[in-house]
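Each value in this text was obtained by applying a stated rule to the coordinates, not by laboratory testing. This is a predicted model, so every value here is computed, not measured. Here the Cβ positions follow ideal geometry from the backbone for every residue, glycine too, while neighbour counts run over all protein chains shown.
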Amino acid sequence: MVDSTLDLVMRVRTASTPDAYWAAELSLLEKLEIAETLIHKRGKQKRQIREAIKQIAGSPNRPQTHLQRVQAVLASISESEAALRQKRNVSLYLGDALAFKLLPDHFIRVLGRNDPPGFGKNKAGREQEMLIAKRMTQEGKVALLHDLTHSLRVADMTLYTTRKAQPS
């Protein structure tokens, strides 16, 4: 089940243990993947409609009202795609909040010196990243997936652990 944006904000805000961070990341990942899938579908729909517009515009006795309706559908799909991209960005900003909550600013600056990775839904290696992150979480470390942020662009993941005082 996909969490609402408010639920995601609360998960991010209250995360304080490796399990809580991981639960927040899984929720963000689910939201991102849904948005990315729909963005890809809207892109395919737009390409198909543009092709139809070319065919309509190229016909000698094209009905103007039909062309206008098809262009209105294209505009609607474009608006829907823009809204989905905004939802995706909100999820990435929540991932940034997790990163800033966990890592010192100077780490984030160093890990942010690269081009943005783009969509990660069908990324090669995603399955291995997820297995590693899950295992590290089970071992009490926080595994922060960089694909869930705008700010972390170098590497795929950061592992973080707090040091406990050693008994004397």
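With springs connecting C-alpha atoms under 10 Å apart, model the chain as a Gaussian network and identify which of Ala15, Ala155, Ala143 has the largest mean-square fluctuation.
Ala155
With +1 on the Cβ of every Lys and Arg and -1 on the Cβ of every Asp and Glu, and nothing else charged, how large is the dipole of segment 5-160 about its Cα centre, in debye rounded to the nearest 20?
700
If you work out Rg and Dmax of the Cα atoms in Å from the coordinates, which of [x] 21.1, 90; [y] 24.6, 73; [z] 19.1, 70 do you get?
For Rg and Dmax of the Cα atoms in Å, the calculated option is [x].
Fewest to most neighbouring Cβ within 10 Å: what's the order for Leu6, Leu29?
Leu6, Leu29
Among the aspartates and glutamates, which fall within straight-line cross-link reach of Lys134, defined as a Cα-Cα distance under 12 Å, with same-chain neighbours fewer than 8 residues apart omitted?
By straight Cα distance, Lys134 reaches Asp19, Glu25.
Name the residue, out of Lys141, Lys87, Lys44, whose mean-square fluctuation peaks in a Gaussian network model built on the chain with Cα pairs under 10 Å.
Taking springs between Cα atoms under 10 Å, the residue moving most is Lys44.
Given a Förster radius of 35 Å and the C-beta distance between Gln128 and Ser59 as r, what FRET efficiency does 1/(1 + (r/R0)^6) yield to the nearest 0.05?
Taking R0 as 35 Å, the efficiency between Gln128 and Ser59 is 0.10.
Note down the relative contact order for the chain as a percent, whole number, built from C-alpha pairs under 8 angstrom at least six residues apart.
28
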